[in-house]
Amino acid sequence: YLAFVGTPSATAPWMLQFGGHPLAINLTMAASEATIAPSLPAAQPATYTVEGRTIRPLGNENDKAFALINALNEAQRKQAILGSRVADLVLGPGQDGRTIQPEGIRASALTPAQQTMLLDIVREWAGIQNDAFAEPRMAEIRTNLPETYFAWSGPTDNGSVAYFRIQGPTLVIEYAPQGNSVDHIHTIYRDPMNDYGAKFTKK
């Protein structure tokens, strides 16, 4: 479905919602600014074939995260991998306004190459918007990179059922296979400071 929340305007904030299964996008516009937080990009099935081509809607997100966890040394992995299993989104639908303590390894403990890999994962979500909105968002996330954490739960072999979270002052990304299956994936993309364009309405 499509839903308009508020009156479309070139100056005042308003929202366009796109919903279906398994995808939910909230786009809040405010003049020259925009955010898609919170949104739930998801996939079921996560792999399928069309005209002989294999399609993986969340393939880059998956592969880049496994590449990063496997680029960590043993000490870094001990920090990144959580001690308990996480099987679903912690800050998913119905959790608006909830806060949790960051877990995992801080980006400041990563090498420059590993930090680049982390930002490349983030761009898979932040880059859903066009460059005019994505680049300022990425610049904000880079500024907060030293306070951003990468957490992992599950095996580290690509193709396994594994959860990960990237969390910073203005960012939460979660990736969670559903029902112990790699063929049904939920993710969440949030900005704790600007979900639903909260900053826009305060101006």
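The values are calculated or read from the model by the stated rules, or taken from the named source; none is laboratory data. As the structure is a prediction and not an experimental result, all values here were calculated from the model. In this analysis, Cβ positions are derived from the backbone assuming ideal geometry, glycine residues included, and neighbour counts consider all displayed protein chains. Just so you know, the surface numbers come from the protein's heavy atoms only, side chains and all, with ligands and any DNA or RNA stripped out. Shrake-Rupley method; radii C 1.70, N 1.55, O 1.52, S 1.80 Å.
Only one of these conditions is not met by Met193: (1) without any contact (Cβ under 8 Å) to a residue 60 or more places away in the chain; (2) part of a helix (DSSP H, G or I); (3) within 30 Å of Pro13 (Cα to Cα). Which number is it?
In the conditions (1) without any contact (Cβ under 8 Å) to a residue 60 or more places away in the chain; (2) part of a helix (DSSP H, G or I); (3) within 30 Å of Pro13 (Cα to Cα), Met193 misses (2) alone.
One line per residue, one yes/no per condition, for (1) of a type outside the set (Lys, Arg); (2) more than 30 Å from Lys199 (Cα to Cα):
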residue	(1), (2)
Ser32	yes, no
Ser39	yes, no
Thr49	yes, yes
Ile69	yes, yes
Ala75	yes, yes
Arg85	no, yes
Val122	yes, no
Ala134	yes, no
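Need the failing condition index for Gly97 against (1) touching an Asp or Glu at 6+ places or on another chain (Cβ under 9 Å); (2) open to solvent by less than 40 Å² (accessible area, probe 1.4 Å); (3) closer than 26 Å to Trp14 by Cβ; (4) not in a helix (DSSP H, G or I), just the number.
Exception for Gly97: condition (2).
Among the numbered criteria (1) assigned to a helix (DSSP H, G or I); (2) under 24 Å from Asp183 (Cβ atoms); (3) of a type outside the set (Val, Ile, Thr); (4) in contact with a Gly (Cβ under 9 Å, 6 or more places away or on another chain), which single criterion is violated by Ala46?
Every listed condition holds for Ala46 apart from (1).
Is there a residue in segment 103-114 that is within 15 Å of the chain's Cα centre (by Cα), among the acidic types (Asp, Glu), under 20 Å from Thr187 (Cβ atoms) and crowded, with 16+ Cβ neighbours inside 10 Å?
No - not one qualifying residue is present in segment 103-114.
Output the residues belonging to segment 159-188 that are hydroxyl-bearing (Ser, Thr, Tyr) and either closer than 19 Å to Pro57 by Cβ or touching a Leu at 6+ places or on another chain (Cβ under 7 Å) (or both).
The answer is Ser160, Tyr163, Tyr175, Ser181, Thr187.
Each row is one residue, and each column tells you yes or no for (1) modelled with pLDDT of 95 or more; (2) surrounded by 14 or more Cβ atoms within 10 Å (Cβ to Cβ); (3) more than 24 Å from Thr201 (Cβ to Cβ).
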position: Phe4; (1), (2), (3): yes, no, no
position: Ser9; (1), (2), (3): yes, no, no
position: Ala24; (1), (2), (3): yes, yes, no
position: Thr28; (1), (2), (3): yes, yes, no
position: Ser32; (1), (2), (3): no, no, no
position: Thr35; (1), (2), (3): yes, yes, no
position: Val50; (1), (2), (3): yes, no, yes
position: Leu58; (1), (2), (3): yes, yes, yes
position: Ile69; (1), (2), (3): yes, yes, yes
